[in-house]
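The values are calculated or read from the model by the stated rules, or taken from the named source; none is laboratory data. Not measured: the values here are computed from a predicted model. Positions of Cβ are backbone-derived with ideal geometry, glycine not excepted, and every protein chain shown enters the neighbour counts. Protein only, heavy atoms only, side chains kept; ligands, DNA and RNA dropped before computing areas. Shrake-Rupley method; radii C 1.70, N 1.55, O 1.52, S 1.80 Å.
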Amino acid sequence: MSISPAVNAWFRENGRDLPWRRPGFPAWGTLVSEIMLQQTPVVRVVPRLEQWLERWPTPPDLAASPASDAVRAWERLGYPRRALALHAAAVAITDRHGGVVPEDVPSLLALPGVGDYTARAVAVFAYGHRHPVVDTNVRRVLARAVEGVAEPWAPRATRDLPLMESQLPADDEEARVTNAGVMELGALVCTARAPLCDSCPLLEQCAWVAAGRPAHVGPRLRVQPRFEGSDRQVRGLIMAELRASDIPVTSAEIERVWTDAAQRDRALAGLIRDGLATGSPDEGYTLPD
DNA sequence: AATCCGTGGTG
DNA sequence: TCACCAAGGAT
């Protein structure tokens, strides 16, 4: 028994009115939104996305700007490597695809910052192609409703894609709604912490509920190290300095952001290695371009 | 394949 | 308070 009929009916009634679901929303907007949404909540993405698309309505528009502008416009969305990747993707789309976001999964996968999830999300949501789209929300819904376990497994394409494929209707448009609907269900109802089973359209066919909602067995997935005092925090502080300055940031200014010299140096070297910063102790440091 | 990569909201 | 969580990708 497939979950798609109940999910599709629920989604058409309860899906959020998000920018990327507007009729006529461009494929470029879908690509930008999907990259912004990687590990970043919807509420933080929406305003930044709208500003981004107003400034850079097409890939060639972004490709014509320096990467530093992209990193600044990214502001505090987090993981600024994504801003750099998105800029590089815009250049690649302009050079290799005539400025038009490609439709096929292999071409999308070849773009910087585009992985297994994002490639299929663009092919399905922007172009209406029929593919399974599996993110953490989908994996959690499949784990519970289909497999009957409390927590999703680690991402694995060879397991995730066939499982979601087995839940998709044959029709392209219905399959697209199922992809969006399962994801939305995971985001709004079948949540990680406290699932709202009482208002779930799959309550009566959920394998996990049928099994008595057994607790998770085994180790937690992807335990995050603490942020306070981490290299990530130091990188973030340095990036904030670089974003805020139109002239090179001096070594002395960088020294002021973090007292531990070894950690500071490690963070700065990492940023330079990632292409998020350039410069030297003598000339100071700037964003790329 | 395990680890790294930001930031902010929340129960 | 603080650990958990958030439409992953690259290496």
Query raised in the report: Do we have any residue at all in the stretch A:237-246 that's within 16 Å of DNA strand C (Cβ to nearest atom) and open to solvent by less than 50 Å² (accessible area, probe 1.4 Å)?
Result: yes
**Report entry** Scan of the stretch A:66-87 for residues that are of a type in the set (D, E, K, R) and within 12 Å of DNA strand C (Cβ to nearest atom), ordered by number
**Finding:** A:R76, A:R81, A:R82
Query raised in the report: Out of all the residues in the stretch A:14-38, which are open to solvent by 50 Å² or more (accessible area, probe 1.4 Å), in a loop (DSSP other than H, G, I, E, B), at negative phi and away from DNA strand B (no atom under 16 Å from the Cβ)?
Result: A:D17, A:R22, A:P23, A:P26
Query - Scope the stretch A:42-91; condition in a loop (DSSP other than H, G, I, E, B) and among the polar types (S, T, N, Q); matching residues - result: A:T58, A:S65
Query raised in the report: Tally time: how many residues in the stretch A:141-175 are surrounded by fewer than 22 Cβ atoms within 10 Å (Cβ to Cβ) and either in a helix (DSSP H, G or I) or within 16 Å of DNA strand B (Cβ to nearest atom) (or both)?
Result: 17
Requested in this report: Considering each of A:V182, A:V234 in turn, give the residue that is touching a residue at least 40 places away in the same chain (Cβ under 8 Å), closer than 27 Å to A:Y79 by Cβ and not in a loop (DSSP other than H, G, I, E, B).
Outcome: A:V182
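Could you please let me know if A:S107 is of a type in the set (S, T, Y), modelled with pLDDT of 95 or more and touching a strand residue (DSSP E or B) at 6+ places or on another chain (Cβ under 8 Å)? Outline the logic, then answer.
Working: of a type in the set (S, T, Y): yes; modelled with pLDDT of 95 or more: yes; touching a strand residue (DSSP E or B) at 6+ places or on another chain (Cβ under 8 Å): no.
For A:S107, the condition - of a type in the set (S, T, Y), modelled with pLDDT of 95 or more and touching a strand residue (DSSP E or B) at 6+ places or on another chain (Cβ under 8 Å) - is not met.
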**Report entry** Selection from the stretch A:247-273 of residues that are open to solvent by 40 Å² or more (accessible area, probe 1.4 Å) and either within 16 Å of DNA strand C (Cβ to nearest atom) or in contact (Cβ under 8 Å) with a residue 40 or more places away in the chain (or both)
**Finding:** A:A269, A:I272, A:R273
Query raised in the report: Does at least one position in the stretch A:178-200 carry a residue that is more than 10 Å from DNA strand C (Cβ to nearest atom), surrounded by fewer than 15 Cβ atoms within 10 Å (Cβ to Cβ) and among the small types (G, A, S)?
Result: yes
Query raised in the report: Name the pairs: first residue in the stretch A:96-120 and buried (at least 19 other Cβ atoms within 10 Å of the Cβ), second residue in a loop (DSSP other than H, G, I, E, B) and at pLDDT 95 or above, Cβ to Cβ under 6 Å, at least 6 apart or on different chains?
Result: A:L108/A:P102; A:L108/A:V114; A:Y117/A:D135; A:R120/A:H131; A:R120/A:V133
